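Visitor: Supplied in structure tokens, the structure appears directly below.
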Amino acid sequence: MSWPRLVWASALLELQQLRRSRLFVALTVLAALSFLALVSLFGLTGSNAPLALIDQDSGPYAHRFIQALAAVPHAFTLRPMTASAADAQLREGRLVGAITIPANFSAAVEQGSTVPLEVRVDNVNNDLTFDLQRALPAAITIFGRDLGLPGIRVALVEHDLLAHDTGFVAYLVVSARALDAFIVAGVLGAIAVAREWEGRTIKLWRLAPASPGALLAGKLMAAGLVAAVALAATVLVVIVGYHVVPVAPLAVMGGLAACIVMFTCLGAWLGASLRRSLLAVPLIFGLVMPVYIDSGALEPARFDGETVWIIAHASPLYYAVGVLEWAFHGLRVTPEPVLVDFGILFALAAASLVAARTALSQVRWR
Amino acid sequence: MIRTVWAVARNDLAIWGRAPGIIAAALLPALGMGILVAVITATIGMQPLALVVEGNGPLAARMAHLLQADAEAYLLSPMRRVEADQALHDQKVAAIVVIPEDFDRQVVVGAARVDLVLNNVVDMDLADDIRRSVTRSVAEFDAPQLGIVGELHGPTAGIVLPNPFRVAIAERDLRRTNVTFPQYQVIPIIILVVISVGLLGTALLTARDFERSTIKLALLAPVRRGWVIAGKLLGGVLLTAALLVPLVLLGAVTRFLPSCRRDFALGSGTLKQLLSVPCGWILPVPSLTHGLAVLALVGAVTATAVGLGLLLGTAVRGTSLVVMVGLNAAVYLFFLGGGFATVPFLPAWLQTASRLVPTSYAIAGLRQALFYPDLVGFGRDLLVLCASAAGATALGTLALARGWRRA
């Protein structure tokens, strides 16, 4: 039988297997959508912390100060309430803190006095405490600047490199496409191969007069195709649900295609090495999150320090995130040019094909 | 009865011992999440900034000192302008802070400025943090009490220095305990380990019994089926405990690592950061009351997970499917339970969703018992978890009893 016909037959067989495992495939796709939702949830944390606002003054300067608090981007969600309500919520850990504007605030500011504002902080979590401690002076600065108060000698003048900031969630949902590719394609690739050992059909591969390479190519083509459909669904969710429209759609398709090829083959390699889906699938889940985080998933990897950045180069997700953030947002998140990221991504995809083929070549001998 | 229950539990533990794959499958995702927290700790935090001081006067030097003194906010590297521009282009730094040549002259006339050239690629996690930190340092020039020392020890102690912004902060910390980000995150990881091992482990063992038809041997045994089920539940609980206890002991031992001591001086920057990663696993030593509360809570979570595992293994049966369902469930239970978030800080609809998962009560209760001096709200958390444990055990038992009839 000719090689293309073998590949086609193997692909059809694998598609039939996947059809019989519809629930498994659905759960894999669900995992992809879950990670999309969950990185969004992660993006919502660490910002807009609830801060009780106890306004005992209600004067014009108190009003201006509240406006200044609200103007600090992503810092607080102000919750006006009474002191006793704030006490109760602070005890239950429902607030990051409570700020009290005293009764004489407006009068004192009018007279030029400096008014100390009491801020009670639930300081158990250092991370949130630091955020609050940085944000309050920013609000005070905005207050002084907007009122044009005399005596302020130094101002901060900001020059942004980009026309606008990209939202954290918008950034995360794009980098999470690479994560999803890893999970979906990796799991399907691993299952496609490990199943042959679990069902003991690998013996038939040894006896068959066909090339294992052709059989593997067919199986991985089918797994990759299903992974592509699943990923397309998540990309659609990103575009329609999150309103993140790619600036370079072809680059999105190219980048994701390379990811699918690479991760399907890596999954196949893992499946052939471990020979059990029971081990391969949890390993992919266990590996994927740490590797994802150390790939510039939250911010450009080099900002995390040279050591972390150098380690990140070992992860294919680093290049994938570089390509996808450029393709969706037009952002350059790696010091390397995007074309280099693209080139390495395709080279890794080719290398992973060889790795998967090598893992299968052991079939003849074991 | 006790002998029968113990024999079934021991048999399950023996199978676990012979099938390290099942243990690995149950532990790997939780350990991966633990590594994730460690990586996040090493990666998120202080942003690298370049400081360019073009002014030569004493006021420019003072401004530079204020910026450099705020060491907990960013990693500041003094550079020449050309070097800084190149570093910004190469992403070695996220921003450049420039103190201009005429800084001293402009301060005298009240019109000085500090320039911030910012790579504003992402808002919340990066650009906003830098803006706030630099703003605070710059404001300190005119209002020294707006710095962190002033916030904590100035107006709070009744010392208010007049400042041109006319507002100062008197910060009062409400808790005696404060913990770092990784220490705060260890709690959900512990709960995830319990959930993963209890749920996935028990489910995989149950599914294996059905796949290999070994479940029929239990049916043929001349003992009450209820005792067999009790033995299976006990096996799951014991295994979860066996895997959890070493991790908790590790948390107790970590505090003795040299790199976790305050005076640890080896290395700097990233190296120091990496060496201190295990310190995130330091667990506080609770008082006797709080220790008992922790034991009760972990016990209830374990029973919930094992009961759900029994239910999952019986309902799904195929090991591959069990793995996928279990992993999906563990991911949702972890994140919706507040794995990476403080639940009361989330949007209202997410808080409602979070109330429906037992892990949110487990994480909140464990944090309360370990980090807070009182047990406010702990009773409610424990009650919900005990109810979950009872419900999950009943469901698991019923499912297995039904499964046996069809076996």
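The values are calculated or read from the model by the stated rules, or taken from the named source; none is laboratory data. None of these values were measured; they are calculated from a predicted model. Ideal geometry is used to build each Cβ from the backbone, glycine not excepted, and the neighbour counts take in all protein chains shown. When the accessible area is computed, the model is the full protein with side chains, heavy atoms only, and any ligands, DNA or RNA have been set aside. Shrake-Rupley method; radii C 1.70, N 1.55, O 1.52, S 1.80 Å.
Visitor: Before I look further, what does segment B:1-95 give for accessible area per residue, probe 1.4 Å, in whole square angstrom? Intermediate values should be presented prior to the final figure.
Guide: On the way: 4340 Å² over 95 residues.
Accessible area per residue: 46 Å².
Visitor: Could the peptides A:284-296, A:27-39 be put in order, highest first, of the mean number of other beta-carbon atoms found within 10 Å of their residues?
Guide: Going by the mean number of other Cβ atoms within 10 Å, highest first, we get A:284-296, A:27-39.
Visitor: Let me ask something else about it. Take A:HIS164, A:HIS74 and sort them by solvent-accessible surface of the protein heavy atoms, 1.4 Å probe, largest at the top. List each step's numbers first, then the result.
Guide: Working: A:HIS164 125, A:HIS74 60 Å².
These residues rank, largest area first, as A:HIS164, A:HIS74.
Visitor: Hey, another quick one. Accessible area lost on pairing A with B, both sides, 1.4 Å probe, Å² to nearest 100?
Guide: 10100 Å²
Visitor: Another question, if that's okay. Regarding segment A:118-186, what are the three Cα extents along the principal axes, ordered largest first, in Å?
Guide: 62, 37, 15
Visitor: Rounded to the nearest 20 Debye, what is the dipole magnitude of segment B:22-113 about its Cα centre when Lys and Arg each give +1 and Asp and Glu each give -1 at the C-beta?
Guide: 100 debye
Visitor: Using the Cα centre of chain A as origin and beta-carbon charges of +1 (Lys, Arg) and -1 (Asp, Glu), tell me which of A:SER113, A:ALA258, A:LEU360 is placed farthest towards the positive end of the dipole.
Guide: Sorting the options by dipole projection puts first A:LEU360.
Visitor: Right, another one. Name the long-range amide H neighbours of A:ASN125: under 5 Å, sequence gap of 5 or more, or other chain; modelled H, no Pro or chain starts.
Guide: For A:ASN125, the qualifying residues are B:VAL179.
Visitor: How high is the FRET efficiency between A:VAL157 and B:THR214 when r is their beta carbon distance and R₀ equals 56 Å, given to the nearest 0.05?
Guide: Calculated value: 0.15.
Visitor: Same structure again: Mean Kyte-Doolittle of at least 1.0 and a Cα length of 15 Å or more along the axis: which whole DSSP H helices of chain A meet both?
Guide: A:22-44, A:168-198, A:212-241, A:249-274, A:277-293, A:338-361
Visitor: Assuming 0.36 nm per residue, please report the length gained on full extension of the stretch B:ARG405 to B:ALA69 beyond their Cα-Cα distance.
Guide: 113.8 nm
Visitor: Using a Förster distance of 22 angstrom, determine the FRET efficiency expected from the C-beta separation of B:ALA390 and B:ILE15, and round it to 0.05.
Guide: 0.25
Visitor: Still on this structure: Roughly how big is segment A:161-277's charge dipole about its Cα centre, with Cβ charges of +1 (Lys, Arg) and -1 (Asp, Glu), in debye to the nearest 20?
Guide: Its charge dipole is roughly 620 debye.
Visitor: Here's a follow-up. Run the simple label-point estimate for B:ASP374 and B:ALA296 please: 7 Å along Cα→C-beta, distance reported in nm.
Guide: With each label placed 7 Å out from Cα toward Cβ, I get 1.7 nm.
Visitor: If you don't mind, another one. According to the square roots a ≥ b ≥ c of the eigenvalues of the Cα gyration tensor, what is the shape class of segment B:271-395, taking rounded for a/c under 1.5, prolate for a/b larger than b/c otherwise, and oblate for the remainder?
Guide: prolate
Visitor: Taking the Cα atoms of chain B alone, what are Rg (to one decimal) and Dmax (as a whole number) in Å?
Guide: 27.6, 96
Visitor: At 0.692 mPa s and 37 °C, plugging the Kirkwood radius over alpha-carbon pairs of the protein assembly as shown into Stokes-Einstein gives what diffusion coefficient in µm²/s?
Guide: D, rounded to a whole number, is 116 µm²/s.
Visitor: What is the antiparallel percent of DSSP beta bridges lying wholly in the protein assembly as shown, to the nearest 5?
Guide: 20 percent
Visitor: Quick check: Cα centre of segment A:293-366 to Cα centre of segment B:126-195, how many Å?
Guide: Between the Cα centre of segment A:293-366 and that of segment B:126-195, the gap is 37 Å.
Visitor: Quick check: residue separation of A:GLN56 and A:ALA26 times 0.36 nm, minus the Cα distance between them. What number comes out in nm?
Guide: Gain on stretching A:GLN56 to A:ALA26: 5.2 nm.
Visitor: Taking the Cα-to-Cβ direction at A:ARG79 and at A:ALA347 and moving 7 Å from each Cα, how far apart do the two end points lie in nm?
Guide: For A:ARG79 paired with A:ALA347, the spin-label model returns 5.3 nm.
Visitor: Describe numerically, in nm with one decimal, the distance between label points set 7 Å from Cα along Cα→Cβ at A:ALA88 and at A:ALA70.
Guide: 2.5 nm
Visitor: Tell me, what ³J(HN,Hα) does each residue in segment B:330-335 have, in order and in whole Hz, if you take phi through Karplus 6.51 cos²θ - 1.76 cosθ + 1.60 with θ = phi - 60° and put x for Gly and Pro?
Guide: The phi angles translate into 4, 4, 5, 4, 5, 6 Hz.
Visitor: Taking amide H positions as placed 1.01 Å from N in the peptide plane, with prolines and chain starts having none, which residues 5 or more places from B:VAL167, or on another chain, fall under 5 Å of its amide H?
Guide: Correct list: A:VAL115.
Visitor: Then there is this: Semi-axes, largest first, in whole Å: what does sqrt of 5 times each Cα gyration tensor eigenvalue give for chain A?
Guide: Rounded to whole Å, the semi-axes are 55, 21, 16.
Visitor: Turning to a different aspect of this structure: Nothing charged except the Cβ atoms of Lys and Arg (+1) and of Asp and Glu (-1): what's the magnitude of the dipole of the protein assembly as shown about its Cα centre? Round to the nearest 20 debye. Please list the in-between numbers first.
Guide: Details: 58 positive and 49 negative charges, 961 e Å.
Taking the Cα centre of the protein assembly as shown as origin, the dipole is about 4620 debye.
Visitor: Under 37 °C and 0.692 mPa s, how fast does segment B:87-166 diffuse according to Stokes-Einstein, given a Kirkwood radius computed over C-alpha pairs? Answer in µm²/s, whole number. All intermediate terms of the calculation are to be shown ahead of the outcome.
Guide: Working: Rh = 14.6 Å.
Answer from the Stokes-Einstein relation: 226 µm²/s.
Visitor: Here's a follow-up. Leaving ligands, DNA and RNA out of it, rank B:TRP281, A:TRP205, B:TRP6 by accessible area with a 1.4 Å probe, largest first. Kindly include the intermediate steps, with their values, before the conclusion.
Guide: Details: B:TRP281 45, A:TRP205 25, B:TRP6 115 Å².
Ranked from most to least accessible, the order is B:TRP6, B:TRP281, A:TRP205.
Visitor: Of all alpha-carbon pairs in segment A:248-364, indicate the percentage at a distance above 16 angstrom.
Guide: 62 percent
Visitor: Taking only protein heavy atoms and a 1.4 Å probe, what accessible area per residue, in Å², does chain A have with all protein chains in place?
Guide: In whole numbers, chain A has 39 Å² accessible per residue.
Visitor: What order do you get for A:8-20, B:24-36, A:349-361 when each peptide is scored by the mean count of other beta carbon atoms within 10 Å, highest first?
Guide: Put in order of decreasing packing, that is B:24-36, A:349-361, A:8-20.
Visitor: If you don't mind, there's one more thing I want to ask. Hey, can you grab everything whose amide H is under 5 Å from the amide H of B:GLN47? Only 5+ residues off in sequence or another chain; H modelled, so Pro and N-termini drop out.
Guide: Residues meeting the amide H criterion: B:LEU75.
Visitor: Sticking with this one: Would you mind classifying segment A:27-161 by shape? Square roots of the alpha carbon gyration tensor eigenvalues, ordered a ≥ b ≥ c; an a/c under 1.5 is rounded, otherwise it is prolate if a/b is larger than b/c and oblate if not. Present the calculation step by step, with values, prior to reporting the outcome.
Guide: Working: a/c = 2.85, a/b = 1.58, b/c = 1.80.
Oblate, because a/c is 1.5 or more while a/b does not exceed b/c.
Visitor: Can I ask one more? Among B:ALA7, B:VAL316, A:ALA190, whose Cα lies farthest out toward the positive end of the dipole of the protein assembly as shown, if unit charges sit on the beta carbon of Lys, Arg (+1) and Asp, Glu (-1)?
Guide: B:ALA7
Visitor: Considering only protein heavy atoms and a 1.4 Å probe, what is the carbon-and-sulfur percentage of the accessible area of chain A?
Guide: Of all accessible area on chain A, carbon and sulfur atoms account for 66 percent.
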